[in-house]
Amino acid sequence: MKAIKTTLLALASLLSLIGCDNAPKQSEAITPKTAIEGGRVAEFGSWASPVTPEDVYDLTDDITDVRATSQGIYFVQSNANNEDKKGVYRLELDGSASKVISSNFDIRSRVHEYGGSPFAAIGNSLFATKFSDQILYRIAPNQAPFPLTPNGTRHAGCISNPKASRLICIREDHRGKGEPVNSLVGINLSYADEGVTLVSGADFYSMPVLSPDQSQLAWVSWQHPNMQWDQTQLWIADIDAKGAIQNPRQIKTEQKGAITQPLYSPTGQLYFIADFNNWWNIYRLDEALEVEIVLEKQAEFADADWRVGKYSYAFENEHSLVASFSHEGQANLVRIDTMSGTIDPIAVDFAEIGYVTQHESEVLFVGAKETPEKGIYKIQGRSAQLVYAPELPVMDPNFISRAQSLSFKTAGGQTAYGYLYQPKNPNFQGPRNQEPPLVMMMHPGPTAKASRAFRRDIQYWTSRGFAVFDVNYRGSTGFGRDYRNSLYGNWGKSDVEDAVRAAGFLVNSGYVDGRKLAIRGNRAGGFTALSAVAFYSTFGAGVSYSGISDMEEFKRHSHKFESHYLMRLLGNMDKYHQRSAMSNIKGVNEPLLLIQGVNDSLIPAEQSLIIYQAVKNKGVPVAYLEFNEDAANRVSAKSKKRALEAELSFYGQIFGFTPAGSLPALAIENIDNLRRR
């Protein structure tokens with residue numbers, strides 16, 4: 001029976017693996033109409049734009065999880081024409097990419113719910129997690145995918161252990177009652193079985209890595225109530241030729257902090273990143289296993305690890321490493337001589353750098369700029385060369401609004417940050433002595449960050465005459481541990497204050513029209529947007545994409561990874577109610593647009609429906625748009641485009657302008673009760 005089940009799984013997977021992706025997309029130019037000298041005067045928001053919803057969502061293939069082996073370089077690429085499902089490609093010598101796993105297979109792990117590092121490569125074989133069943137499959141040339149792991153288990157961060165002829169993986173076991181059990185396991189490469197538990201006992205594990213001679217294994221673990229960016233432990237253990245773990249020991253550090261990205265140098269010395277000094281800097285262990293800092297800098301060499309397996313440094317050779325760091329929103333690369341400590345800047349102009357990895361004597365990374373360019377790059381001397389880029393639409397630079405970094409004073413005299421994108425369209429200008437409406441964007445944090453990297457959804461708004469402000473509110477990653485932790489106990493307060501203060505700063509500085517301020521957010525950002533409308537009168541419109549309106553109800557649906565996170569963010573149970581928009585419906589007097597996936601596995605549709613009904617009954621203008629999808633895991637391009645058009649229609653009706661072109665009208669309840677400012 002077991003053999004029959006295994007065969008059926010293999011045959012089903014083969015069908016999805018060999019299924020055809022859509023034909024390769026051609027580069028499509030977003031071409032402007034003939035520019036009008038000086039620009040025609042038109043209401044902000046009504047400008048005709050060449051940036052369509054199709055430009056925003058149809059050609060948005062993304063690259064992650066670059067892995068290098070002796071047989072080549074592999075990476076994950078999403079397919080926007082196939083519901084953003086993910087496949088694996090191999091980079092060829094001529095710069096082209098050949099498909100190894102079709103996006104129909106849909107490679108993606110749900111370890112810690114957010115996944116990451118969903119495959120390992122050994123020679124010409126890949127070992128990949130399929131999203132639909134979370135089983136790890138062996139995928140070899142000219143063979144059907146072969147399932148290796150039991151149903152009810154999830155795996156990520158797998159690495160090769162050649163001496164023992166197996167993989168070492170993070171496992172999350174959902175087969176029992178209560179919370180899933182996390183561990184590090186050994187998985188046979190040839191046949192399906194339970195696997196061997198190597199390390200267990202902690203609540204969470206991440207980043208397993210082997211020394212070059214395979215004699216030592218290092219990993220990171222942590223316990224409730226910590227998140228991975230709060231406090232973690234670094235462990236090492238000896239590992240014998242058969243793969244048995246011996247003498248596991250925690251590395252003792254004088255300071256506590258969030259340790260991440262352990263990596264052995266070619267000579268076997270263990271390096272890692274930690275925020276002992278408030279900033280995620282690079283450290284290493286000396287021969288006595290004492291911690292020493294490699295480079296001390298007020299900059300971040302890591303991000304909050306929502307996903308498994310993202311490295312920001314790699315070794316070129318035994319005495320040189322290349323590392324990326326973020327400083328004031330700009331991505332940087334440096335070469336570090338590990339013997340002398342000499343720092344050599346590498347000239348790059350990227351807004352985001354990630355997935356730094358070594359391939360032979362070269363270092364590769366995924367980079368994104370403030371303009372549409374993005375792809376896989378390799379370091380060449382003091383510069384970087386593009387190796388591979390997905391097909392993307394070309395956008396006329398005359399329409400591109402670039403980020404302007406701003407800081408502003410917020411509550412308690414503290415400083416918060418954000419990026420301002422001003423309206424830009426060579427064919428139009430706004431009426432004299434008028435300022436544009438504002439779309440305030442709240443990232444889907446809490447511990448995430450706004451980025452300067454090019455986003456077509458932002459250009460959709462700026463090319464129509466909107467100003468956009470992307471906020472790095474207190475709690476965001478990229479500004480040090482203290483800034484990140486300042487949201488603890490203050491979620492629903494500090495982030496909302498920062499949005500309100502940012503709007504006031506922009507109005508007082510003459511950037512935007514104080515009568516036409518909108519705030520929008522997705523998921524946790526939607527919570528902030530809803531709370532801003534419920535507790536302040538600053539914004540004239542709010543848009544929530546699967547936002548949290550009732551924190552007490554949301555807590556009942558939280559998963560293991562975040563099960564203690566809410567208490568740290570909110571401080572105590574009373575604040576679950578106090579800071580929810582549903583607790584202050586009387587304060588909701590401005591129009592709302594609620595957009596929700598009906599089958600959302602993390603934020604149920606009830607979160608939007610209850611506030612929709614309450615606001616509707618109150619007589620305030622409100623609209624509700626739903627999709628029969630799981631917004632936590634996948635939203636189709638069709639639904640995203642419909643939502644974007646609905647949002648534009650919403651702003652037009654609320655702020656009193658007519659969007660250009662043909663646009664489906666959004667039905668807004670109680671629209672006759674609208675009071676314009």
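Bear in mind these aren't lab numbers, they're just calculated from the coordinates by the rules spelled out. Keep in mind the model is a prediction, meaning the values are calculated, not measured. We place every Cβ from the backbone using ideal geometry, glycine too, and count neighbours over all the protein chains shown.
Some notes on this structure:
- Linear extension gain, Arg175 paired with Asn584, 0.36 nm per residue minus alpha-carbon span: 143.2 nm
- Distance from the alpha carbon centroid of region 78-123 to that of region 390-406 works out to 26 angstrom.
- Distance between region 201-215 and region 491-561 - C-alpha centres, whole angstrom: 40 Å
- Extents of the chain, largest first, come to 75, 58, 56 Å (Cα atoms, principal axes, whole angstrom).
- When the helices of the chain are scored as -39500 (n - 2.57) per DSSP H run of n ≥ 4 and the total is divided over every residue, the value at 222 nm lands at -5000 deg cm²/dmol.
- Nitroxide proxy distance, nm - points 7 Å out along Cα→Cβ at Asp344 and Gln422: 4.0 nm
- Exposure proxy shown here: for Arg677, Arg556, the number of other Cβ atoms within 10 Å sets the order, fewest to most, as Arg556, Arg677.
- Placed amide H near Arg166: partners under 5 Å, 5+ positions off or other chain: Asn161
- Using a simple spin-label model with pseudo-atoms 7 Å out from Cα toward Cβ, Glu391 and Asp240 lie 5.5 nm apart.
- With the simple model of a label 7 Å out from the Cα in the direction of the Cβ, Met573 to Asp62 spans 3.7 nm.
- Residues Leu289 and Arg556, FRET efficiency given R0 of 41 Å [Cβ-Cβ distance, rounded to 0.05]: 0.40
- Mean separation of Cα contacts under 8 Å (6+ apart) over length of the chain, as relative contact order %: 11 percent
- Cα Rg, Dmax, region 401-647, angstrom units: 17.2, 54
- Relative contact order for region 401-647, counting Cα pairs under 8 Å that sit 6 or more residues apart, in percent: 16 percent
- Using the Cβ of Ile170 as centre and a radius below 15 Å, the other residues enclosed give a net charge of +2, where K and R count +1 and D and E count -1.
- Relative to the current alpha-carbon distance between Asn508 and Gln269, full extension at 0.36 nm per residue lengthens the span by 80.7 nm.
- Each of Val496, Val56 has some number of other Cβ atoms within 10 Å of its Cβ, and from fewest to most they run Val56, Val496.
- Order by protection proxy (mean Cβ within 10 Å, highest first), peptides 572-585, 605-618: 605-618, 572-585
- Other-chain or far-sequence residues with amide H under 5 Å of Gly116's (modelled H): Ser109, Val308
- Contour excess over end-to-end distance, with Cα ends at Asp213 and Gln231 and 0.36 nm allotted per residue: 3.5 nm
- Pairs from Lys409/Lys493; Lys85/Lys640; Lys555/Lys616; Lys85/Lys130 whose Cα-Cα separation, in the structure shown, is over 19 Å: Lys555/Lys616
- Using the Stokes-Einstein relation with a Kirkwood hydrodynamic radius computed over Cα pairs, the translational diffusion coefficient of region 313-394 at 10 °C and a viscosity of 1.306 mPa s comes to 122 µm²/s.
- Region 518-677 - convex hull of the alpha-carbon atoms, volume per residue in Å³: 103 Å³
- Ratio of Rg to Rh over region 204-353 (Cα coordinates, Kirkwood Rh, two decimals): 0.96
- Peptides 588-601, 177-190, ordered by how many other C-beta atoms sit within 10 Å of their residues on average, highest first, read 588-601, 177-190.
- Sites Ser98 and Lys638 - FRET efficiency at Förster radius 25 Å, r taken between beta-carbons, to 0.05: 0.30
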